[in-house]
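What follows is a short report on a single structure.
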Amino acid sequence: MQTVSEFIKNLIIYDYILFGSLLTLFLLFIILGIVFRHKLGLALFFIFFAFSLLLGGATFGYMAMHDYLFKNETTLLSQKKLSFTQAAVVYGTVKNLSSKDFKSCKVSATAYSVSGNALKDYVRKLKPIAKMSIVEENIHIGEEREIKIIIDPFTYGGDYNVTLGADCR
């Protein structure tokens with residue numbers, strides 16, 4: 001429940017415009033489905049399209065809009081597993097490529113095991129070994145900031161890769 005309230009708290013005006021227009025289109029296509037109820041195939045198409053538009057448009061529209069508005073670039077500089085403690089240190093950079101200042105960026109380092117098989121590696125990215133995040137505040141337009149993330153605990157002994165990503169607002 002906390003994540004839903006946090007999501008709602010972080011909405012911006014463009015999100016409300018997106019969700020409002022999708023709700024309007026949803027209602028329009030539902031009404032069209034009701035109007036054409038005597039033509040069953042057309043009515044079912046409008047109703048199916050309305051629900052698809054509502055779910056898909058909200059999900060993919062939100063992600064695409066935020067990727068465009070809060071465009072950033074993360075670069076992994078180095079990674080090292082520490083021998084004296086169960087931790088790994090990740091160094092990288094975050095650069096603001098958007099036309100707005102970022103109030104905060106949640107930068108995440110994710111470690112996942114590798115096998116050499118492309119399909120297995122893709123599946124393993126979905127279930128990482130370890131993940132650690134930090135929050136960087138006030139990144140201005142065009143600014144590049146160096147970051148250091150310590151993944152603790154990190155006990156994996158095999159071959160692994162680390163990816164770096166940022167979610168900025």
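Working carefully through the options Thr59, Thr24, find the one that is more than 22 Å from His140 (Cβ to Cβ), within 15 Å of the chain's Cα centre (by Cα) and β-branched (Val, Ile, Thr). Walk me through it before giving the result.
Details: Thr24 fails: within 15 Å of the chain's Cα centre (by Cα).
From the options Thr59, Thr24, the qualifying one is Thr59.
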Exercise for the section: For segment 117-136, name all the residues that are of a type in the set (D, E, K, R) and under 24 Å from Ala87 (Cβ atoms). Expected result: Asp121, Arg124, Lys125, Lys127, Lys131, Glu136
Practice task
Report yes if some residue within segment 148-162 is outside the structural domain of Ile12 (by TED's automatic domain parsing), modelled with pLDDT under 95 and within 18 Å of the chain's Cα centre (by Cα); otherwise report no.
Solution key: yes
Exercise for the section: Could you check Lys103 against (1) part of a helix (DSSP H, G or I); (2) basic (Lys, Arg); (3) farther than 29 Å from Asn161 by Cα and say which number it fails? Expected result: (1)
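Anything in segment 1-42 that is in a loop (DSSP other than H, G, I, E, B) and not basic (Lys, Arg)? List them, or say none. Full working, then the answer.
In the first step, residues of segment 1-42 are kept if they are in a loop (DSSP other than H, G, I, E, B); the result is 1, 10-12, 36-39.
Correct list: Met1, Asn10, Leu11, Ile12, Phe36, His38.
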Problem - Checklist (1) under 30 Å from Leu11 (Cβ atoms); (2) exposed (fewer than 13 other Cβ atoms within 10 Å of the Cβ); (3) touching a residue at least 12 places away in the same chain (Cβ under 8 Å) applied to Glu146, failing item - result: (1)
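Within the group Thr110, Thr85, which residue is of a type in the set (Ser, Thr, Tyr) and part of a strand (DSSP E or B)? Before the answer, list the steps.
On the way: Thr85 fails: part of a strand (DSSP E or B).
Of the residues listed, the single one that is of a type in the set (Ser, Thr, Tyr) and part of a strand (DSSP E or B) is Thr110.
For segment 29-42, check the following and say yes or no: at least one residue is closer than 29 Å to Cys105 by Cα and not hydrophobic (A, V, I, L, M, F, W, C). Explain how you work it out, then say what you get.
Of all residues in segment 29-42, those closer than 29 Å to Cys105 by Cα come to none.
Checking segment 29-42: not a single residue is closer than 29 Å to Cys105 by Cα and not hydrophobic (A, V, I, L, M, F, W, C).
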Handout entry: Residues (surrounded by fewer than 18 Cβ atoms within 10 Å (Cβ to Cβ) and under 17 Å from the mean Cα position of the chain (by Cα)) located in segment 109-122
Key = Tyr122
Completion exercise
(1) in the same structural domain as Ile13 (by TED's automatic domain parsing); (2) in a strand (DSSP E or B) all hold for Glu137 apart from (1)
Handout entry: Candidate set: segment 62-92, residues that are among the aromatic types (Phe, Trp, Tyr) and surrounded by 12 or more Cβ atoms within 10 Å (Cβ to Cβ); chosen: the one farthest from Lys103 (Cα to Cα)
Key = Tyr91
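Every residue, every condition in (1) outside the structural domain of Ile8 (by TED's automatic domain parsing); (2) among the aromatic types (Phe, Trp, Tyr); (3) crowded, with 16+ Cβ neighbours inside 10 Å, yes or no:
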position: Leu22; (1), (2), (3): no, no, yes
position: Leu25; (1), (2), (3): no, no, no
position: Ile31; (1), (2), (3): no, no, no
position: Arg37; (1), (2), (3): no, no, no
position: Leu42; (1), (2), (3): no, no, no
position: Ile47; (1), (2), (3): no, no, yes
position: Ser52; (1), (2), (3): no, no, no
position: Gly57; (1), (2), (3): no, no, yes
position: Phe60; (1), (2), (3): no, yes, no
Problem - Filter result (farther than 13 Å from Asn161 by Cβ and of a type in the set (Phe, Trp, Tyr)) within segment 106-135 - result: none
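The values are calculated or read from the model by the stated rules, or taken from the named source; none is laboratory data. Quick caveat: nothing in here was measured; it's all calculated off a predicted structure. Positions of Cβ are generated from backbone atoms using ideal geometry, with glycine treated the same way; all protein chains shown enter the neighbour counts.
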